[in-house]
Amino acid sequence: MKKHPDASHDVDEPRRDFVRHGARIAAGAALAGTFGLPWLFGPAARAAGMPPPETIVRARRELILFHGQSNAVGTGGRPALTLQQIYANVTFNGGVRPGTDAAAMTRLVPLVESDGGHGTGGEVGTNACADGLVAYTETIDRVPWTAQYSRYSAFTGAEGGRPIGYFATFLDDANPGGYQGWLNNQLRLRAMFALMREEAQRDGGSIGWLATTWQQGETDSTGLSETRSSYRSKLVALERAHWMKICQVELPEQSWRPLWIVGQVCSHNSYGTSSLAFCNPFIALAQRDACLGSPYLRMANPQYIFDYADEAALGQPMLHLTNESHRWQGRYFARAILQLIHDRMAGVPLRHPALDMIAARRVGPRDIDVVFNVPAGVLTIDTRWVAATRNAGFDIRDAKGALVPVDATDDNLIAGVRVVRSDTLRLRLKADLPVNAEKLSLGWGDPGETHAVAGRHGGPRTNIRDTAGDLDAYIASDGTTRPMHNYALVSDVALT
């Protein structure tokens, strides 16, 4: 056992090595070691017309805030998996889920997960995110962890089962007030900043707010509280409010906006066919709309790639990730954060870290070329991890979102999907494209499949990924490796 000079207790060197080499253990590790994964972390597609965000200034202690509802508080994540601190990252003495208990927010302690604290969860993924960021910095930027300037604090400001309005503040910019979830999170943030500032004054360091991760939307997906447009507007407004009403007030020395990174909700079909959300992922689409339309918000990954907890015995749909999935989601957040740090340090617009449709173009009466933003490597159609779904997730739809059929007996107009270029797929149709076909959807869900399912085995998903995982892998708690491929977002684009 070795002890880091900044750590308050012993750290597990074998486990640190286990995490550190996650980016090198997949096939192609020699290439990763030699070239530092340049194609994985190099420039990717950027939003057109977006001004460059402020250049980031790193601090000695930086906050990563997990935010949202149940999946951001670790519901479904029992038992907790990450029980040891291996780097110098910290959280509240009451754990990563302090609630609003003042006694749980009086000092900083090593960042580990637990089954305690407020809420019903276990593993949240805060440790996997913070530790993953250290490991990626070591592997990609070639800075040994003991020499890295920034260390991280992390906790979750999420509260289970809440619509986005519960967290939001839509008063004018000069008014610091808001709804209850906003006030609760403001309380936690102020407590964390006070502790971080005490540490900085004691050690001669500096503090910053690096990033907020967002996992939310299950409640709003039922169709009873938000529309696609209203959710998009509220998510954009919520990021802005955190910057103007908390960061600029509590951290006036920070001149740049924290990153805001979304894990796309993909559980809408788990409510079943009686739900307005069935095969209608308007909240997932709204999250994508917000990230495409803002210079500050970005999507890390879709969550259908994970395993979900089966909560049928509790009379609940499949909404919550398993403990392994929560931890893996933290690793996806870590990779996206470092990619966006690279952009901020260079003073350029933030890339889009996720695999996403850009355009769908008619190239013949029965052929459509679909162009993607491909973060790493090349497009691939793969059914080994995510179970096969019809047309790899594609459907042709009319202006109202209804499927465009071949005829009265066949609602599937697509005959086949194949890769034609590194960033392009070609759809072959069974008949000439009808005049009412106006958009292409991806990952909305197959109405013919079993309902009340979410995740990689069923429910809304795609079989389209890049090859990022050829050189980057997550090590699961059982020691197995899982490629960190980027899978395509739930999305839609106009047919042109």
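Could you tell me the accessible area of Phe333 in Å² (1.4 Å probe, neighbours in place), rounded to the nearest ten?
Rounded to the nearest 10, that gives 0 Å².
For helix 323-346, report the angle its Cα long axis makes with the longest principal axis of the Cα atoms of the chain; keep it between 0 and 90° and round to the nearest 10°.
80
So what's the gap between the Cα centers of region 191-231 and region 106-133, to the nearest angstrom?
Centre-to-centre distance over Cα atoms comes out at 14 Å.
Using heavy-atom solvent-accessible surface (probe 1.4 Å) with all chains present, what is the largest-first order of Asp220, Asp173?
Largest accessible area first, the list is Asp173, Asp220.
On average, how much accessible surface per residue is there in the chain, in Å², for a 1.4 Å probe, leaving out ligands, DNA and RNA?
On a per-residue basis, 35 Å².
What number, rounded to the nearest 500 deg cm²/dmol, is the helix-based mean residue ellipticity at 222 nm of the chain, given -39500 (n - 2.57) per DSSP H run of at least four residues and division by all its residues?
Mean residue ellipticity, 222 nm, calculated: -7000 deg cm²/dmol.
Do you know the Lys pair count in the chain for C-alpha distances under 22 Å, with sequence separation 8 or more or different chains?
Lysine pair count for the chain: 4.
Measure off, as a whole percent, the carbon and sulfur share of the 1.4 Å-probe accessible area of the chain, all protein chains present.
54
Quick one: length gained pulling Glu311 to Asp478 fully straight, 0.36 nm per residue minus the C-alpha distance?
Contour length minus Cα-Cα distance gives 57.8 nm.
List the GluC sites (Glu not before Pro) in region 196-282 that DSSP assigns to loop (not H, G, I, E or B) and whose Cβ has at most 11 other Cβ atoms within 10 Å. Which are they?
Counting only loop positions with at most 11 other Cβ atoms within 10 Å, the GluC sites (Glu not before Pro) in region 196-282 are Glu253.
Could you calculate the contour length gain from Thr273 to Ala147, that is, 0.36 nm times the residue separation minus the distance between their Cα atoms, to one decimal place in nm?
40.0 nm
Taking a probe of 1.4 angstrom, what is the accessible area of Cys291 in Å², to the nearest 10?
0
Quick one: ranking Ser153, Ser274 by accessible area, 1.4 Å probe, largest first, what do you get?
Working: Ser153 0, Ser274 110 Å².
Most to least solvent-accessible, the answer reads Ser274, Ser153.
The values are calculated or read from the model by the stated rules, or taken from the named source; none is laboratory data. As the structure is a computational prediction, the values presented were derived from the model and not from experiment. Every residue, glycine as well, gets a Cβ built from its backbone with ideal geometry; the counts of neighbours run over all protein chains shown. For accessibility, only protein heavy atoms count, side chains too; no ligands or nucleic acids. Shrake-Rupley method; radii C 1.70, N 1.55, O 1.52, S 1.80 Å.
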